[in-house]
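S.K.: Below are the structure tokens for one structure; questions will follow.
No lab work stands behind these numbers, since they all come straight from the coordinates. Computed from a predicted model, the values in this text were never measured in an experiment. When we count neighbours, we look across all protein chains shown, and the Cβ atoms used for this are built from the backbone with ideal geometry, even at glycine.
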Amino acid sequence: MKNKISEERKKYLKKVKAKKLLVIVTQLAILIGFLAIWEALANAKVIDSFITSQPSRIWNTFAHLTSNDLLKHIKVTVYETIVGFGLGTLMGVAIAIILWWSKFLAKVSEPFLVVLNSLPKVALGPIIIIWVGSGTPAIIVMAIAISLIVTIMEMLNGYLKTDKEIIKMAKTFKCTKLQLLTKIVIPANIGTFINSLKVNIGLSLVGVISGEFLVSKAGLGYLIVYGGQVFKLDLVMTSVIILGIVAGLLWSALGLKMPHIMQKTVTNIGGVATPMGLMAMGATFDIKKAFAKVKPAAVATFMKLIGLAAIFLPIAITLGFRREELVAILVMLGSATTVSCFVMAKNMGHEGVLSSSVVMLTTLFSAFTLTGWLYILKSMNFI
């Protein structure tokens, strides 16, 4: 006979289901409400849709990408992430086993592992590009570099903390070191291995996106950088949303929850592109070639810092822009050239000498030109 569920149990199960349903409905309501408010504020011109985009424009961009090369970019990013994740995990576990096997090697390598773990892995980007070359191999190596040391340290720490009493008991029964490893140490650290997977899948994705910021001609990271370069904020927002969906699907495929360490890492990824671009620009800068192109660089710098502002500021003043609005226009017109133009030039097959020269010159002189423009506008009572 089947066991009958009591009425109290049925009521309890109904309450649990109702709570779960309430959570889901609330989450959907918050999401829909946020999108509706965002769309309404953009339509009412309360927020600038050019800067913040809006849901309808993001949807149109998504539809356009879907009919073009979206799947290609997703496949590239997912492929690079899976390969980097797999290789980083296998290499990390193998090295951890070697270090557990030899206490001498573990002691020798300890300070080096600590230093490498503290080193921002994205700083190795220019070196990896020089050693491996641009393209998919460099991106995969970047993914491995970010996840490898974390895997080694986490797995080695788990192996070394395996219950000492069990190890001693096994040794009294004349167990070999290989038997200790396969029968006790590895099985006892399955949980540690799962935790390592949780961290590695996210770190590998971060490494891939960081690499795509620099050298890729396809992938979601490339779409984000390209959208920023050509001021297509709709493309940037759409790519970021797609990236979030891809990350969620990767975790779902593994049945893993996002660890806390990755929340912080992904939050800071937006700040990675500019430093990495500057490092890559510095690593490839050739002063002799720069001097050979000093005239076009000087002309481009003049146009960026003085020419554009001289042409469009009077137009803006004639149209009635004043104070904060006029300052915003000045900043847009007369700020230094962003490092993303160097990345775009490299992706398009150019040496990047002219673009890197313009970035450096405009960065150097923009402090003086912006101050000068502000003084002129202030003295004429426009701000």
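S.K.: Taking other Cβ within 10 Å of each residue's Cβ, how do GLU39, GLU7, GLU110, GLU80 sort, fewest first?
M.R.: GLU7, GLU110, GLU39, GLU80
S.K.: How would SER356, SER335 line up from fewest to most surrounding beta-carbon atoms within 10 angstrom?
M.R.: With the sparsest Cβ surroundings first, the list reads SER335, SER356.
S.K.: So between SER102 and ILE5, what do we pick up on full extension, going 0.36 nm a residue minus the alpha carbon distance?
M.R.: Between SER102 and ILE5, full extension yields 29.2 nm more.
S.K.: Could you tell me how far the Cα centroid of segment 210-224 sits from the Cα centroid of segment 73-143, in Å?
M.R.: Between the Cα centres of segment 73-143 and segment 210-224 lies a distance of 19 Å.
S.K.: If you don't mind, there's one more thing I want to ask. Please list, in order along segment 236-241, the HN-Hα scalar couplings obtained from phi with the Karplus expression 6.51 cos²θ - 1.76 cosθ + 1.60 (θ = phi - 60°), rounded to whole Hz, x for Gly and Pro.
M.R.: For segment 236-241, the Karplus-derived couplings read 4, 4, 5, 5, 5, 5 Hz, x marking Gly and Pro.
S.K.: To the nearest 0.05, what FRET efficiency results for LYS17 and LYS171 with a Förster distance of 51 Å applied to their C-beta separation?
M.R.: Taking R0 as 51 Å, the efficiency between LYS17 and LYS171 is 0.45.
S.K.: Measure up LYS232/LYS293; LYS75/LYS198; LYS45/LYS378; LYS14/LYS198; LYS161/LYS183 against 23 Å on the Cα-Cα distance and list the ones that go over. Please list the in-between numbers first.
M.R.: Details: LYS232/LYS293 30 Å; LYS75/LYS198 21 Å; LYS45/LYS378 28 Å; LYS14/LYS198 33 Å; LYS161/LYS183 15 Å.
Cα-Cα > 23 Å for LYS232/LYS293; LYS45/LYS378; LYS14/LYS198; rest within.
S.K.: Another one. Would you list which aspartates and glutamates come within 15 Å of LYS174, measuring only between C-alpha atoms, while excluding same-chain residues fewer than 8 positions from it?
M.R.: GLU165
S.K.: Could you calculate the contour length gain from VAL115 to LEU35, that is, 0.36 nm times the residue separation minus the distance between their Cα atoms, to one decimal place in nm?
M.R.: Values: separation 80, 0.36 × 80 = 28.80 nm, distance 4.44 nm.
Residue separation times 0.36 nm, minus the Cα-Cα distance, leaves 24.4 nm.
S.K.: Rounded, prolate or oblate: which fits segment 169-239, taking a ≥ b ≥ c as square roots of the Cα gyration tensor eigenvalues, rounded meaning a/c under 1.5, else prolate when a/b beats b/c?
M.R.: Because a/c hits 1.5 or more and a/b exceeds b/c, segment 169-239 counts as prolate.
S.K.: Placing +1 at every Lys and Arg Cβ and -1 at every Asp and Glu Cβ, with all other atoms neutral, what dipole size does segment 1-47 have around its Cα centre, in debye to the nearest 20?
M.R.: Computed charge dipole of segment 1-47: roughly 560 debye.
S.K.: For segment 1-47, go through all pairs of different Cα atoms, get the mean of 1/r, take its inverse, and jot down that Kirkwood value in Å. Working shown, then result.
M.R.: On the way: mean 1/r = 0.0729 Å⁻¹.
Kirkwood radius, segment 1-47: 13.7 Å.
S.K.: Between SER6, GLN27, ALA40, whose Cα lies farthest towards the positive end of the dipole of segment 1-47 when Lys and Arg beta carbons carry +1 and Asp and Glu beta carbons carry -1, centred on the Cα centre?
M.R.: Looking along the dipole axis, the top candidate is SER6.
S.K.: Still on this structure, please answer the following. What list do you get for THR172, THR182 if you sort them by fewest beta carbons within 10 Å?
M.R.: THR172, THR182
S.K.: Expressed in nm to one decimal, what extension gain is obtained for the pair MET380 and LEU28 from 0.36 nm per residue of sequence separation less their Cα-Cα distance?
M.R.: 121.5 nm
S.K.: Still on this model: Can you give the FRET efficiency for PHE50 and LYS293, using 1/(1 + (r/R0)^6), R0 = 25 Å, r = Cβ-Cβ distance, to the nearest 0.05? All intermediate terms of the calculation are to be shown ahead of the outcome.
M.R.: Working: r = 33 Å, r/R0 = 1.31.
Here the calculated transfer efficiency is 0.15.
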